[in-house]
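Structure, as structure tokens:
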Amino acid sequence: MLPLLLCRLKKLKENKNLPIYNSLVDYKKKFRSSFHTPGHKNNFFSKFEDLFELDFTEIKDTDDLYNPRGCIFLAQDLAKRYFKTQATVFSAGGNTLCIQAMLKLSTKVNDKIICSRNLHKSALYAIILLGLKPIWVFPKGDNLNRIFINQITAQDIKKSLEKNKDAKAVYVTSPDYYGNMCDIRAISKECKLLNIPLLVDNAHGTHLRCLNPNIHPINLGADFCADSAHKTTPTLTGGAFLHVNNLSFCSVSPLEAMSVFGSTSPSFPILASLDLCRDWMQKKGKEAFFDLIKKVELIKSISKNHGIFVQDGLVDPTRISLGTPNIGYTPKESAVFFRRYGVEPEFESDFFLVLIASAFNTNEDFCRLERAILNLKIKQPLKIKIPKIVQYRQDVLPREAFFSSSKRVPIKQSLNMIVAQCVCPCPPGVPLVIPGEKINETTINLLQSYGVLEILVLK
Ligand SMILES: Cc1ncc(COP(=O)(O)O)c(C=O)c1O
């Protein structure tokens, strides 16, 4: 079996007509230090290398993801114990699948749900598919970024709950792409007072379980939590955990909800990597993330001393978001510069260069990053013009607008029209406009600044 496989792989390598395969091989040859996902940094090989050989399907000797009685049941049970939940289930369809399932589990059609507007597009599409009525809560403060950078507060949620007494759930994203976190404990208190569930998109925070103290949303009172494990912990891309901490809020079982949206052929290598990930977190995670945080603190302090803007406050201590315009470079320019030093960032927003560090980054990775930062010659700060985010009017429900007849119009002619599509730069995947919102002057400026020339609007 193995020689045959190796022979096939060799053949594949020789074949030039393989755009995806060859581009991955070419990227690998650059030996860049990965400050992007996946969290294993291609550096967790001892266990992952044989996963190709283990790509089996749901047969008698393996198990059935949506009706587990064997190894998947045991693996999920181990994860449940580790994360201290009432149920933890595995997704080979990314966090997107977990978000779809947790919204399906906790709501019914036409339910009102209080949502922070800095949500990921996967949540928006789930809201559309499930026919929910979102009540948006907008992060306040000076927006350093067109995509909302500030987080919502427990006070914001409380106010919205007071105005919407019939709301059936609260949905927040924490941490966000830049590392900003919500006060989950305080928001959870507000939800518990009304006996409604708190759902947290914790895509960027699986590792928070390894911190001391444990600041994983489940430990702070979330009822549902979706972890994109592949982002910051050693899991193959596509691996995610859905945690449920209050089964009484569930209309069906968590796996039934997953099966509504998930493939009937989940990847066993991804499922096995979730198992390996949980085992690693349990045995080595605390120590490894303690070390990582010290390295990240050093990088942040070097950056600050160099004049780069670095966020503080309630932030994920492992995320590195560098405000390089403060020393004269757009994030795009600094990304080009960092690449020369062998550092590949996750993404460049308007203001921040975002780097995702994990416990699998090597000391060499951090040395390269330090060198790149220190070699950025300090120049005059850039004045980045960032349009203010408006509190859009949701005139029509997202589902209604999304599924209605629409027409494409030039953005310049779209004033006062109702949007019929989601416009969303990815990353970070936070929609600029969503179906049902009314376009005003600010929206037009915002979309134009992203190079959007046309938009779908209601007929
Ligand atoms: C905040 C947030 N939520 C959800 C997702 C979707 O996760 P996945 O790509 O694992 O499906 C992402 C992906 O980037 C994200 O940033």
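Structure above, values below:
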read-out	value
Sorted by Cβ neighbour density within 10 Å, fewest at the top, the residues Cys191, Cys210	Cys191, Cys210
Asp55/Phe31 FRET efficiency (R0 30 Å; Cβ-Cβ; nearest 0.05)	0.65
Theoretical ellipticity at 222 nm over the chain - DSSP helices of four or more residues, -39500 (n - 2.57) apiece, nearest 500	-11000 deg cm²/dmol
Packing-based exposure ordering (other Cβ within 10 Å, fewest first) of Asp291, Asp61, Asp183	Asp61, Asp291, Asp183
Cα-based shape type of the stretch 398-458, given that a ≥ b ≥ c are square roots of the gyration tensor eigenvalues and the cut on a/c is 1.5	oblate
Rough spin-label spacing in nm, given labels placed 7 Å along Cα→Cβ, for Arg339 and Ser251	4.6
Sites excluded, GluC sites (Glu not before Pro) in DSSP loops with at most 13 other C-beta within 10 Å, longest stretch of the chain	54-459
Cα→Cβ-extended label distance, 7 Å offset, between Lys158 and Asn214, nm	2.8
Least to most buried among Asp50, Asp350, Asp223 (fewest other Cβ within 10 Å first)	Asp50, Asp350, Asp223
Largest to smallest principal axis extent of the C-alpha atoms in the stretch 312-459, angstrom	56, 34, 29
Between the stretch 206-231 and the stretch 57-136, the alpha-carbon center distance in angstrom	15
For a label point 7 Å along the Cα-to-beta-carbon line of Lys165, residues of the stretch 178-198 with backbone N under 20 Å	190-197
Residues of the stretch 108-123 with amide N under 18 Å of the 7 Å Cα→Cβ point at Asn440	117-118
Contact order normalised by residue count of the stretch 398-458, Cα under 8 Å, 6+ apart, percent	47
For the stretch 245-386: relative contact order, % (alpha-carbon pairs under 8 angstrom, 6 or more apart)	23
Gap separating the Cα centres of the stretch 167-201 and the stretch 232-293, nearest whole Å	20
Relative contact order (%) - criterion: Cα under 8 Å, at least six apart; region: the stretch 32-386	23
Distance in nm between pseudo-label sites at Thr362 and Val109 (7 Å out along the Cβ direction from Cα)	5.5
Net length gained if the chain between Lys304 and Tyr82 were fully extended (0.36 nm per residue, minus Cα distance)	76.3 nm
Cα-derived Rg to Rh of the stretch 32-386, Kirkwood definition	0.98
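Only the coordinates and a few stated rules stand behind these numbers; no lab work does. Bear in mind the structure is a predicted one, so any value in this text is a computation, not a measurement. When we count neighbours, we look across all protein chains shown, and the Cβ atoms used for this are built from the backbone with ideal geometry, even at glycine.
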